[in-house]
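First the structure, in the form of structure tokens, and then the observations on it.
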Amino acid sequence: MSTRPTLAVLGAGSWGTALAALAARNGVPTRLWGRDRQALEAMAKTRRNQRYLPDLELPAELHYEGDLAAALRGAQVVLIVVPSHAFASMLDQIAPLLEPGAAIAWASKGFEPGTGRFLHELVAEKLPGRPAAVVTGPSFAKEVAAGLPSAVTVHSDDEAFAREMAGMLHAPNFRAYTGSDVLGGELGGAMKNVLAVATGVADGMQLGLNARAGLITRGMNEMLRLGLALGARPETLMGLSGLGDLVLTCTGDLSRNRRLGLALGKGIALDEAVRQIGQVVESVLTADEVARLAAKHGLDLPIASGVRAVLHGEVTPVEGLRALMAREQKPEYPQGLFPGT
């Protein structure tokens, strides 16, 4: 019998299913919980998640549990993989059900809608004193499920838990690094979704590869400037959870946020574009929170601001691009990216 800690994965969408399957194949006793009991029952019978990952044969070792209390019973590690707008509610639901000492990790990306708070701040408030970690990086669920090479970083203030969580996921085709910059890891994973809309819009308008490269690079500049204002480490944002995730999401058509931008760039209305994608598109909410943080710290983030304006229907994609191109000529780094160094 395995002596490894039991892992409960909460969220049976594409990413939650892929991570649960990965851990189960690694010999970790793993339970997958989701809100749709019928879907879970079908997954248990067919060993397929027909809605999100129909091509993935799920490992026989993976267990499915439609009852939240049962899923958490005896689980020493809980990995939350729900959309960011549902994250706080999920914490409230599990708070009275957790085992004493159970550690919390999440692979959700975004902010708390309406406040701009990071997800780790919600964990600290609602589940104080528990080891906590974020799993983030350039990783499309479909490719992870297919066993294609991927890499992520597990950031935690608790070094031992970072290593434990990474060890549950690390596999021959899945590298799991560790780090200690939770805020930086979360910022990169959230903000890249907004910037991916911009590159999607440009590609939808067939503006060329030069435009895409310029948007990615200047978007990275915006991420770094906001990160520095918030206290994130530059090396975190230049790593997997920042630059890596940004490049993937801005260039890969498996990205829901990029696909949203592509649709908008082709003139499709926002509601119709989201309907066609059929899954939560994090950038729609995240753009507002990035704008809130930028205003709080007195930062001008023209690409992120332009995306927010497009998503709110304040300007068309063409008008948004025209505004970016009409900005005054200036040095790339007026005072250096890291003033004083």
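Computed values, structure above
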| item | result |
| --- | --- |
| Contour excess over end-to-end distance, with Cα ends at THR3 and ARG175 and 0.36 nm allotted per residue | 59.7 nm |
| ³J(HN,Hα) computed for each position of the range 180-196 - Karplus, 6.51 cos²θ - 1.76 cosθ + 1.60, integer Hz, glycine/proline x | 10, 9, 4, 4, x, x, 6, 4, x, x, 8, 5, 4, 5, 5, 5, 5 |
| Cα convex hull of the chain - mean projected area over all directions, nm² | 17.3 |
| Accessible-area composition of the range 1-138, carbon plus sulfur, in percent [1.4 Å probe] | 50 |
| Calculated [θ] (222 nm, deg cm²/dmol) that DSSP helices of n ≥ 4 give over the chain, each run adding -39,500 (n - 2.57) | -14500 deg cm²/dmol |
| All lysines inside 27 Å of LYS142 as judged from Cα atoms, apart from same-chain residues fewer than 8 positions distant | LYS45, LYS109, LYS192, LYS266 |
| Solvent accessible area, Å² - GLU125, 1.4 Å probe, full protein context | 100 |
| Residue with peak Gaussian network fluctuation, the chain [Cα springs, cutoff 10 Å], from THR46, THR217, THR178 | THR46 |
| GNM top mover of ALA213, ALA294, ALA263 - the chain, alpha-carbon springs below 10 Å | ALA213 |
| ARG175 long-range amide H proximity, modeled H, under 5 Å | SER150, ALA151, VAL152 |
| Residues with amide H under 5 Å from that of ASP181, placed H, sequence gap 5 or more | SER156 |
| Exposure of TYR333 as accessible area (Å², to 10), given a probe of 1.4 Å and all protein chains | 100 |
| Among LEU270, VAL310, LEU243 the positive-end extreme of the charge dipole of the range 184-326 (Cβ point charges) | LEU243 |
| Projected label distance in nm at ARG163 and ASP36, using a 7 Å step from Cα toward the beta-carbon | 4.0 |
| Probe 1.4 Å, accessible area per residue of the chain, Å² | 44 |
| Förster radius 22 Å - calculated FRET efficiency between ALA323 and ASN210, Cβ distance, rounded to 0.05 | 0.75 |
| Normalised contact order of the range 264-341, rounded percent, pairs of Cα under 8 Å and 6 or more residues apart | 22 |
| Residues with amide H under 5 Å from that of ARG48, placed H, sequence gap 5 or more | LEU58 |
| ³J(HN,Hα) computed for each position of the range 6-15 - Karplus, 6.51 cos²θ - 1.76 cosθ + 1.60, integer Hz, glycine/proline x | 7, 10, 10, 9, 9, x, 9, x, 5, 6 |
| Neighbourhood charge, 9 Å Cβ-Cβ cut-off, centred on LEU91 and excluding it, Lys, Arg +1 and Asp, Glu -1 | -1 |
| Karplus-derived 3J(HN,Hα), 6.51/-1.76/1.60, for each residue of the range 79-88, Hz, glycine and proline x | 10, 8, 9, 10, x, 4, 5, 9, 5, 4 |
| Area projected by the alpha carbon convex hull of the range 252-314, averaged over all directions, nm² | 4.4 |
| Rg/Rh (Cα only; Kirkwood hydrodynamic radius) as it applies to the range 7-180 | 0.93 |
| Cα-based Kirkwood hydrodynamic radius, the range 184-326, one decimal, Å | 14.6 |
| Of ALA107, ALA86, ALA71, the one that fluctuates the most in a GNM where the chain has Cα springs shorter than 10 Å | ALA86 |
| Reachable aspartates and glutamates, given that their alpha-carbon falls under 16 Å from the alpha-carbon of LYS330 and they are not under 8 places away in the same chain | GLU222, ASP300 |
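The values are calculated or read from the model by the stated rules, or taken from the named source; none is laboratory data. Note that the coordinates shown come from a computational prediction; the quantities given were computed from them, not determined experimentally. Using ideal geometry, Cβ is built from the backbone for each residue, glycine included, and neighbour counts are taken over all protein chains shown. Ligands, DNA and RNA are stripped out before the accessible areas are found, and what is left, the full protein with its side chains, is counted by its heavy atoms. Shrake-Rupley method; radii C 1.70, N 1.55, O 1.52, S 1.80 Å.
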